[in-house]
Amino acid sequence: MQIQLNRLQVSRKKILRLLIFSVFLLGSATAFGADDASTPIHIEADRMISQEQDNSVVFLGNVDARQGGITIRADEMTVYYTRGDKKKGKSGADQVSKLVCKKNVEITQDDWLGTGNRMDYLAGERKVILSGDAKAWQGQNMVSGKTIIYYLDDKRSIVEQDKGKSGRVKAVIHPESNKKN
């Protein structure tokens with residue numbers, strides 16, 4: 001019985017680490033991942049609207065954004081940025097301050113998948129919010145709730161319930177097998 005409990009605790013810790021890692025991939029100043037910060041971000045969509053008055057760019061229709069091994073898909077993605085001081089050269093470049101994805105949001109990296117109706121990345125608060133029937137999978141393991149909030153600096157996540165539906169946060173954790181091949 002103790003071995004089973006230890007496996008379950010390890011699996012729960014693994015799920016939380018994987019959930020944290022998966023949301024972390026959205027956490028750098030470029031809005032994708034610290035390891036990929038120097039690689040270009042490729043965004044494709046049916047339409048793009050630049051809104052300089054709002055310091056934002058809106059991508060509409062079949063949005064597909066990639067940086068390194070990370071892919072974000074959504075019906076709409078708005079990238080908000082702060083203007084850098086061009087006199088300072090590269091360090092004065094525009095910086096992403098907020099990223100908002102709406103409708104059919106899907107984030108993938110390796111065997112991790114996160115889905116929801118909306119994703120907000122807040123660079124100043126170093127926080128990622130996946131909301132609206134939010135779900136995250138790592139392999140067969142899954143966590144779901146109305147909202148998944150991840151605090152990047154604290155490496156802490158909160159899964160909130162949907163008070164209108166079942167009102168429960170759900171997790172499905174598959175214990176690792178000790179089978180040797």
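The values are calculated or read from the model by the stated rules, or taken from the named source; none is laboratory data. Treat the numbers as computed from the prediction; the structure is a model and nothing was measured. Note: ideal-geometry Cβ built from the backbone for every residue, glycine included; neighbour counts use all protein chains shown.
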For the range 93-146, which residues satisfy the criterion of being of a type in the set (Asp, Glu) and under 21 Å from ASN62 (Cβ atoms)? GLU106, ASP120, ASP133
Just give me the residues in the range 41-70 being in contact with a Phe, Trp or Tyr (Cβ under 8 Å, 6 or more places away or on another chain) and outside any strand (DSSP E or B), in sequence order. ILE41, ALA45, ASP54, ASN55, GLY68
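Listed here are the residues, each with its yes/no results for (1) modelled with pLDDT under 85; (2) in contact with a Leu (Cβ under 7 Å, 6 or more places away or on another chain); (3) surrounded by fewer than 16 Cβ atoms within 10 Å (Cβ to Cβ).
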site: THR39; (1), (2), (3): yes, no, yes
site: ALA45; (1), (2), (3): no, yes, no
site: MET48; (1), (2), (3): no, no, yes
site: GLU52; (1), (2), (3): no, no, yes
site: ASN62; (1), (2), (3): no, no, yes
site: ILE72; (1), (2), (3): no, no, no
site: THR78; (1), (2), (3): no, no, no
site: GLY84; (1), (2), (3): yes, no, yes
site: LYS88; (1), (2), (3): yes, no, yes
When every residue in the range 101-120 that is in contact (Cβ under 8 Å) with a residue 24 or more places away in the chain and either more than 15 Å from THR71 (Cα to Cα) or out of contact with any Leu (no Cβ under 8 Å at 6 or more places or on another chain) (or both) is compared, the one surrounded by the most Cβ atoms within 10 Å (Cβ to Cβ) is CYS101
